[in-house]
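The values are calculated or read from the model by the stated rules, or taken from the named source; none is laboratory data. Every value quoted in this text rests on a predicted model; they were computed, and no experiment measured them. Reconstructed Cβ throughout: ideal geometry from the backbone, glycine too, with neighbour counts over all protein chains shown. The accessibility values were calculated without ligands, DNA or RNA, using every heavy atom of the protein model including side chains. Shrake-Rupley method; radii C 1.70, N 1.55, O 1.52, S 1.80 Å.
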Amino acid sequence: MPLSAPAPREHIHTRHVECRGYRRADGLWDIEGHMTDVKTYGFKNDWRGEIVAGEPLHEMWIRITVDDDLVIHDIEAATDHSPYRICPDIVGNFERLKGLRIVGGFTNKMKALVGGTEGCTHLVELMGPIATTAFQTIFPLKKRREKTPEEIAAEAGQPPKRPPLLDTCHAFASDSPVTKKNWPQFYTGPQDEA
């Protein structure tokens, strides 16, 4: 285990999120997410009666279909387990996300359409890892079959454009060794002394 040894404790709750990315035969991509919340103890529920230990309190699914540019062409949401009978009634609202593109600002646009009383907190939360999975599924394969921005700029006789990943995390900081190796022209850290 990469974490330090924990203090003595009792396991109470498990949230499991799993996302998978698929390349479709028609050139589009399916990204599926599945989320469960499970308690280690049984308890009463006004709608379902007794929820036994290990039975999901929440179990939700989302599948989005996107193109190479991460535009949502289709979306389907389902709620298999919920604490209230009316929870599944809202899944149809997620069709409002059709046409959105998974780029910067996506989360705010999504929440404007299906946040609060217009959606389900758990399904909205599931869209975060689904969006990341879409990027992780599509970007590496797309990058392999396309010219890099550096190659395009070089062919056009223009200076290369700043990589979009630059300064998005610690590894891609403009002064990191990763940036120095991959994009030396954008590296801002200490220069080697000769």
Result: in the chain the number of Lys pairs with C-alpha under 30 Å apart, spaced 8 or more or on different chains, is 22
Ordering Thr117, Thr132, Thr65 by how much accessible area each has at a 1.4 Å probe, largest first, what is the list?
Thr117, Thr132, Thr65
Integer Hz, Karplus 6.51/-1.76/1.60 couplings in order for region 177-186, x for Gly and Pro
x, 5, 5, 4, 6, 8, 9, x, 5, 10
Tell me, what is the per residue accessible area of the chain in Å², probe radius 1.4 Å?
64 Å²
Report, by chain and number, residues whose modeled amide H sits under 5 Å from the one on His81, excluding near sequence neighbours (fewer than 5 apart, same chain).
Glu59
Cβ-Cβ cut-off under 12 Å around Asn45, Lys and Arg +1, Asp and Glu -1: the net charge is +1
Taking all protein chains as present, what is the carbon and sulfur share of the accessible area of region 74-124, in % to the nearest whole number, probe 1.4 Å?
50 percent
Read phi for every residue in region 125-133 and hand back ³J(HN,Hα) as whole Hz from Karplus 6.51 cos²θ - 1.76 cosθ + 1.60, θ = phi - 60°, with x for Gly and Pro.
4, 5, 5, x, x, 5, 4, 5, 5
Suppose the chain between Asp80 and Arg15 were pulled fully straight at 0.36 nm per residue; how much longer would it get relative to their current alpha carbon spacing?
21.9 nm
What is the distance, in nm, between label points placed 7 Å from the Cα along the Cα-to-Cβ direction at Arg96 and at Ala7?
4.2 nm
